[in-house]
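Undergrad: Structure incoming, see below.
The values are calculated or read from the model by the stated rules, or taken from the named source; none is laboratory data. A quick note: this is a predicted structure, and the numbers were derived from the prediction, not measured. Here the Cβ positions follow ideal geometry from the backbone for every residue, glycine too, while neighbour counts run over all protein chains shown. Each accessible area value is taken on the protein alone, full model and side chains, heavy atoms only, with ligands, DNA and RNA left out. Shrake-Rupley method; radii C 1.70, N 1.55, O 1.52, S 1.80 Å.
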There are 2 protein chains.
Amino acid sequence: VSCVAALCGGVGGAKLALGLSRALQPEELTLIVNTGDDFEHLGLSISPDIDTVLYTLSGLADRERGWGRDDETWNFMTALGALGGETWFQLGDRDLATHVERSRRLAAGETLSSVTALLAARLGIGARIAPMSDDRVRTIVHTPDGPLSFQHYFVRERCAPRAVSISFDGADTARMSAAFAETLERRDLAAVIICPSNPYLSIDPILAVPGVRAALARIRAPRIAVSPIIGGEAVKGPTAKLMRELGVAVTSASIAAHYRGLIDVLVIEDTDASDAATVTRQGVACATAPTLMRTDEDKLALARTLLDLARTFRRDAA
Amino acid sequence: VSCVAALCGGVGGAKLALGLSRALQPEELTLIVNTGDDFEHLGLSISPDIDTVLYTLSGLADRERGWGRDDETWNFMTALGALGGETWFQLGDRDLATHVERSRRLAAGETLSSVTALLAARLGIGARIAPMSDDRVRTIVHTPDGPLSFQHYFVRERCAPRAVSISFDGADTARMSAAFAETLERRDLAAVIICPSNPYLSIDPILAVPGVRAALARIRAPRIAVSPIIGGEAVKGPTAKLMRELGVAVTSASIAAHYRGLIDVLVIEDTDASDAATVTRQGVACATAPTLMRTDEDKLALARTLLDLARTFRRDAA
């Protein structure tokens, strides 16, 4: 038994997380999840990326909508609207149970790590799911009209405002969660995988936690990222728009440059094989694979490809 | 335009409150609601009696179940159970919106009076609905096995434990809500009505707020209570069981004795007319009327009877 750590954000990351959870034994996988998207809303502590991972791995996720739970109802939200409450952030009736139970436990003094582990266990998930930190980190998107908290940017404003820069409030003093720190120190660590989540909004908050970059730099196991860019566009979400606004070419080479020094290999889409040279020019090895994950078979296949790559990759030969 | 104040608890009180709201102009009615049943649960501030009055007057109450909202779904509760959360206190998906919105506003520093007024307005209710106090009062039922908070006694234990005594934690230092104090001081006050709620569990907490008994004693307008006892039994709930446990005969005479000095007239059920003598022997005038409220017509009829009584009653003649 060895151990694989995967860093991920929401939807895109959770797809690969599901593939990894099926390719590995439960005790072999630790998923480190972005909490920069977390926020307090309606008096509840909401952790959107953790929930997406929890729901995806437990089979409860809604596949069409891309967030929240399957077989969901919206009676709470409708009633809240009638009472004049805020309804820009949709919370399904079943989903709400997660937020209420998490909020209650956090208010009682439990850590986010402990609550996340408990929820994962209750949902029958074997893999370890841990927040990047138990301390409060909040992603802020700076726009020409001022700063927006992440969910205001992402959900309320639907990513419409132009992003000038991104910062991670609280990251300076946050500590890695115990599971995160412990996993990166393990001698049997076989790979660190950076999922094809948004590098700027979902992975950078994780990398902003003090000690993470240094720990990744020390690791001997292969560090493999999957590019979220396919054919010059992002599969989903605001990644491409954001890259353009930040003045970065929407290419896997930009992703390689972004992760330079933290990864050994960038896996890009097969059909983008012609971009391999521009990736390696960033000092990062390049591999190609079908990275578009439409079906659960796609997710498992990509996970297996990454694990094979981790087994065969020799850093010195890169 | 004159003004009527009605003191009430949950279901039984809300029925008469609905009748009064149909018999009077909105600005003529102030409902003072018990908050001794309030509690904090799952991180939410829950005010069961206020909600019963809100839902009843807005037509949203479930009539069969006797609590909560009509056309309700329970997906939150089911999901919470699957996560290992507490499910002994049922919270419907639509009902939950009330608790979340109230909790959010209270946490932001609003008073329960202000939140209640806002919810009433949002639900289209014209009558004024006010908590007895904005301060925390908690009904405690003392049993041979120790004290139980009200909802633990009432809902979780289904009133099964034997009640030895009842106390109202926090009542000593609670202040009457502004609406309550102001209403009892009004010169145009035409009547104070004590609804047929449980005297020990629903009305006594209101009477326990400092100043309430003195204010009621000063009032010149007729003070009229409706007996919750019909034919030696309570219409609903634990009133009769509680009276037996407290060593009180389950009669309207006991209710008259309980309210002695605070009311001028006790209205008892027509079919219990033979009990009138035992009521008047307690120093309280007695009137009879059909007090069992099955239909909305029953509620309106009883309300009109009480208002007629208030108009014609002369305290000196009693």
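Undergrad: For the stretch B:137-193, give me the residue count where each residue is hydroxyl-bearing (Ser, Thr, Tyr), over 24 Å from residue B:87 (Cα atoms) and out of contact with any Pro (no Cβ under 7 Å at 6 or more places or on another chain).
TA: Residues in the stretch B:137-193 being hydroxyl-bearing (Ser, Thr, Tyr), over 24 Å from residue B:87 (Cα atoms) and out of contact with any Pro (no Cβ under 7 Å at 6 or more places or on another chain): 4 in total.
Undergrad: Something else about it: Report whether or not residue A:235 is of a type in the set (A, V, I, L, M, F, W, C) and within 19 Å of the chain's Cα centre (by Cα).
TA: Here the answer is yes, as residue A:235 does meet what is asked.
Undergrad: Moving to a separate point now. Just name the residue that is nearest to residue B:115 (Cα to Cα) out of those in the stretch B:50-61 that are more than 13 Å from chain A (Cβ to nearest Cβ) and in contact with a strand residue (DSSP E or B) (Cβ under 6 Å, 6 or more places away or on another chain).
TA: Ranking the candidates gives B:50 first.
Undergrad: Residue A:190 - would you say it is in contact (Cβ under 8 Å) with a residue 40 or more places away in the chain, open to solvent by 30 Å² or more (accessible area, probe 1.4 Å) and in a strand (DSSP E or B)?
TA: For residue A:190, the condition - in contact (Cβ under 8 Å) with a residue 40 or more places away in the chain, open to solvent by 30 Å² or more (accessible area, probe 1.4 Å) and in a strand (DSSP E or B) - is met.
Undergrad: I'm told residue A:172 meets every condition in (1) over 21 Å from residue A:27 (Cβ atoms); (2) among the charged types (D, E, K, R); (3) modelled with pLDDT under 95 except one. Can you identify the failing condition by its number?
TA: (3) is the only condition that residue A:172 fails.
Undergrad: Separate question: Are any residues in the stretch A:64-96 more than 7 Å from chain B (Cβ to nearest Cβ) and open to solvent by less than 40 Å² (accessible area, probe 1.4 Å), and if so, which ones?
TA: The answer is A:66, A:68, A:69, A:72, A:77, A:81, A:89, A:91, A:92, A:95.
Undergrad: Additional query: Looking at residue A:43, is it farther than 22 Å from residue B:87 by Cβ, touching a Ser or Thr at 6+ places or on another chain (Cβ under 8 Å) and within 9 Å of chain B (Cβ to nearest Cβ)?
TA: It is false that residue A:43 is farther than 22 Å from residue B:87 by Cβ, touching a Ser or Thr at 6+ places or on another chain (Cβ under 8 Å) and within 9 Å of chain B (Cβ to nearest Cβ).
Undergrad: Could you check how many residues of the stretch B:124-136 are within 14 Å of another protein chain (Cβ to nearest Cβ) and either crowded, with 18+ Cβ neighbours inside 10 Å or in contact with a Phe, Trp or Tyr (Cβ under 7 Å, 6 or more places away or on another chain) (or both)?
TA: Summing the residues that are within 14 Å of another protein chain (Cβ to nearest Cβ) and either crowded, with 18+ Cβ neighbours inside 10 Å or in contact with a Phe, Trp or Tyr (Cβ under 7 Å, 6 or more places away or on another chain) (or both) in the stretch B:124-136 gives 1.
Undergrad: Tally up the residues in the stretch B:97-123 that are assigned to a helix (DSSP H, G or I) and either among the β-branched types (Val, Ile, Thr) or more than 10 Å from chain A (Cβ to nearest Cβ) (or both), please.
TA: Counting residues in the stretch B:97-123 that are assigned to a helix (DSSP H, G or I) and either among the β-branched types (Val, Ile, Thr) or more than 10 Å from chain A (Cβ to nearest Cβ) (or both) gives 9.
Undergrad: While we're here: Could you say whether any residue in the stretch A:147-169 is among the charged types (D, E, K, R) and within 14 Å of chain B (Cβ to nearest Cβ)?
TA: So far as the stretch A:147-169 goes, no, none of its residues is among the charged types (D, E, K, R) and within 14 Å of chain B (Cβ to nearest Cβ).
Undergrad: Inspect the stretch B:177-186 for any residue being acidic (Asp, Glu), more than 11 Å from residue B:32 (Cα to Cα) and part of a loop (DSSP other than H, G, I, E, B) and give the result as yes or no.
TA: Checked against the condition, which is being acidic (Asp, Glu), more than 11 Å from residue B:32 (Cα to Cα) and part of a loop (DSSP other than H, G, I, E, B), the stretch B:177-186 yields no hits at all.
Undergrad: Kindly provide the set of residues from the stretch A:259-272 that are open to solvent by 50 Å² or more (accessible area, probe 1.4 Å) and either touching a Cys at 6+ places or on another chain (Cβ under 9 Å) or in contact (Cβ under 8 Å) with a residue 60 or more places away in the chain (or both), ordered by number.
TA: Across the stretch A:259-272, there are no qualifying residues.
Undergrad: Same structure, new question: Could you check the stretch B:1-25 and list, in sequence order, the residues that are open to solvent by 40 Å² or more (accessible area, probe 1.4 Å) and at pLDDT below 95?
TA: Those that are open to solvent by 40 Å² or more (accessible area, probe 1.4 Å) and at pLDDT below 95: B:1, B:2, B:11.
Undergrad: Any chance the stretch A:52-74 includes a residue that's among the aromatic types (Phe, Trp, Tyr) and assigned to a loop (DSSP other than H, G, I, E, B)?
TA: Within the stretch A:52-74, one or more residues are among the aromatic types (Phe, Trp, Tyr) and assigned to a loop (DSSP other than H, G, I, E, B).
Undergrad: Being under 15 Å from residue B:50 (Cα atoms), of a type outside the set (Ser, Thr, Tyr) and more than 18 Å from the chain's Cα centre (by Cα): is that true of residue B:148 here?
TA: Considered against the rule, which asks whether it is under 15 Å from residue B:50 (Cα atoms), of a type outside the set (Ser, Thr, Tyr) and more than 18 Å from the chain's Cα centre (by Cα), residue B:148 comes out as no.
Undergrad: Filter the stretch A:276-292 down to the residues that are open to solvent by less than 50 Å² (accessible area, probe 1.4 Å) and either touching a strand residue (DSSP E or B) at 6+ places or on another chain (Cβ under 7 Å) or modelled with pLDDT under 95 (or both) and list them by number.
TA: Result: A:276, A:279, A:284, A:285, A:286, A:287, A:289, A:291.
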